[in-house]
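Peer 1: Supplied in structure tokens, the structure appears directly below.
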Amino acid sequence: MTALSVDARVVDRHRPTTWATRIPAAFRLQFIVPTNLIIVPAMVFLLVWAVSIGITVWIHAAAGDRVASVEPMYGGASQAAVWTLGFMAAYTVTQTLPFAMALSFSRRTFVVGSYLAFMAVSVGFGAAYTLAAWIERVTNGFGIHAYQFDTPFMTSTNGLVGGGALAAAIALTVMTVTFMFAAVFRRISVLTFWTLLVALAAVLGVLVLLIVQNVGWSGLGGWFLRQTALTGSAYLLGVSLVAGAFGYLVLRRDTPVS
């Protein structure tokens, strides 16, 4: 056996890694501390739901003449977990990214792994939303027709599964958008960042005014009313793709700061 053959075996056994081969590790990195993307959002999900149930029970008891089946109560407590996920997604840019760089992850590996983690968490949130909406439906809103998840906006067009899909799409969109803004914040000054936000708000306002000028408020409202949970999910996924692509382009060339 020659030295060349030994070296060849070593080379075969230790193939060079690329940024793509480390994506699964970057995905797992997001869950090394499960508090960020799992425990805290789950705690907010359950606690806010419990508080909302207590409030609606109190309102039902205070309104002695309320006929629950005729006057159902709807709330928006389900969105609390969504905003929590958005905050945690931005948190990964400011806190997890420097740690990932210290572990020799490339920026684009970190970004792609983060997006995969966001997708997994969004699917989990959609499943939890579907389960919560099902519990409210089978219990008639805990006996008082009070709903936080099984609302007409979410589940009236495509059922519980459609509502869960829309919830997952909303969560993914919020996470990718906040991730994108956090990435932009790392690249520019505070003054420039807020100037950009004001300019973006102005552009969106002009677009809304142009749409209203052409189709009217009734036309715009009618378009929204014609949407279903599945079409809404499709539009939101498109927004997620755009925000995700822009966040990738911004952050992969950023120089992390501690």
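Peer 1: Could you work out [θ]222 nm for the chain from helices alone, using -39500 (n - 2.57) per DSSP H run of at least four and dividing by all its residues? Round to the nearest 500 deg cm²/dmol.
Peer 2: Working: 10 runs with 185 residues, N = 258.
Helix-only estimate at 222 nm: -24500 deg cm²/dmol.
Peer 1: Taking 0.36 nm per intervening residue step and subtracting the Cα-Cα distance, what contour gain separates Q213 from A61 on full extension? Can you show the working numbers first?
Peer 2: Numbers: separation 152, 0.36 × 152 = 54.72 nm, distance 4.64 nm.
Extra length from Q213 to A61 when fully extended: 50.1 nm.
Peer 1: Between 0 and 90 degrees, rounded to the nearest ten: what's the tilt of helix 229-251 against the longest Cα principal axis of the chain?
Peer 2: 30
Peer 1: Sorted by accessible area (1.4 Å probe), largest first, how do W58, W83 line up? Don't skip to the answer; put the middle values down first.
Peer 2: On the way: W58 175, W83 150 Å².
The residues order as W58, W83, largest area first.
Peer 1: Another question, then. Taking only the alpha-carbon atoms of segment 148-258, what semi-axes of the equivalent ellipsoid follow from 5 times the gyration tensor eigenvalues under a square root, in whole Å, largest first?
Peer 2: On the way: eigenvalues 188, 88, 22 Å².
In descending order the semi-axes read 31, 21, 10 Å.
Peer 1: Could I ask something else about it? Rank these by accessible area, largest first, 1.4 Å probe: I144, I32, I38. Let's see the in-between values first.
Peer 2: On the way: I144 20, I32 110, I38 85 Å².
Final ranking, largest accessible area leading: I32, I38, I144.
Peer 1: Give, rounded to the nearest 20 debye, the magnitude of the charge dipole that the chain has about its Cα centre when Lys and Arg contribute +1 at Cβ and Asp and Glu contribute -1 at Cβ.
Peer 2: Working: 14 positive and 7 negative charges, 199 e Å.
Dipole of the chain, to the nearest 20 debye: 960 debye.
Peer 1: Relative to the longest principal Cα axis of the chain, at what angle does helix 107-138 sit, 0 to 90 degrees, rounded to 10?
Peer 2: Approximately 30 degrees, to the nearest ten.
Peer 1: Which FRET efficiency, nearest 0.05, do S156 and L237 yield, Cβ-Cβ r, R0 22 Å? Don't jump to the answer; show the numbers that get you there.
Peer 2: Working: r = 21 Å, r/R0 = 0.93.
My answer for the efficiency is 0.60.
Peer 1: Normalized C-alpha radius of gyration of segment 79-182, against 2.2 N^0.38 Å?
Peer 2: Working: Rg = 16.5 Å, N = 104, 2.2 N^0.38 = 12.8 Å.
Dividing the Cα radius of gyration by 2.2 N^0.38 Å gives 1.29.
Peer 1: Could you tell me how many degrees, from 0 to 90 and to the nearest 10, lie between the Cα long axis of helix 3-13 and the main elongation axis, the longest principal axis, of the Cα atoms of the chain?
Peer 2: Tilt of helix 3-13: around 0 degrees.
Peer 1: How long is the gain from Q95 to Y74 if the chain were fully straight, where each residue apart is worth 0.36 nm and the alpha carbon distance is subtracted?
Peer 2: 3.9 nm
Peer 1: A follow-up question, please. What ranking, highest mean first, results for peptides 42-53, 123-134 when packing means the other Cβ atoms within 10 Å averaged over each residue?
Peer 2: Working: 42-53: 16.1, 123-134: 19.8.
Put in order of decreasing packing, that is 123-134, 42-53.
Peer 1: Something else about it: In segment 99-234, if the dipole is taken from +1 on Lys/Arg beta carbons and -1 on Asp/Glu beta carbons about the Cα centre, which of A202, V212, L160 is farthest to the positive end?
Peer 2: Of the candidates, A202 comes out farthest on the positive side.
Peer 1: In whole angstrom, and with the biggest value first, how far do the Cα coordinates of the chain range along each principal axis?
Peer 2: For the chain, the Cα spread along each principal axis is 92, 46, 32 Å.
Peer 1: If you don't mind, another one. Using the basic label-point model (7 angstrom from Cα toward the beta carbon), what is the L131 to A25 distance in nanometres?
Peer 2: 3.3
The values are calculated or read from the model by the stated rules, or taken from the named source; none is laboratory data. None of the values given here were measured: they were computed from a predicted structure. All Cβ positions, even for glycine, are placed from backbone atoms using ideal geometry, and neighbour counts span all protein chains on display. Surface areas here come from the heavy atoms of the whole protein model, side chains and all, with no ligands, DNA or RNA. Shrake-Rupley method; radii C 1.70, N 1.55, O 1.52, S 1.80 Å.
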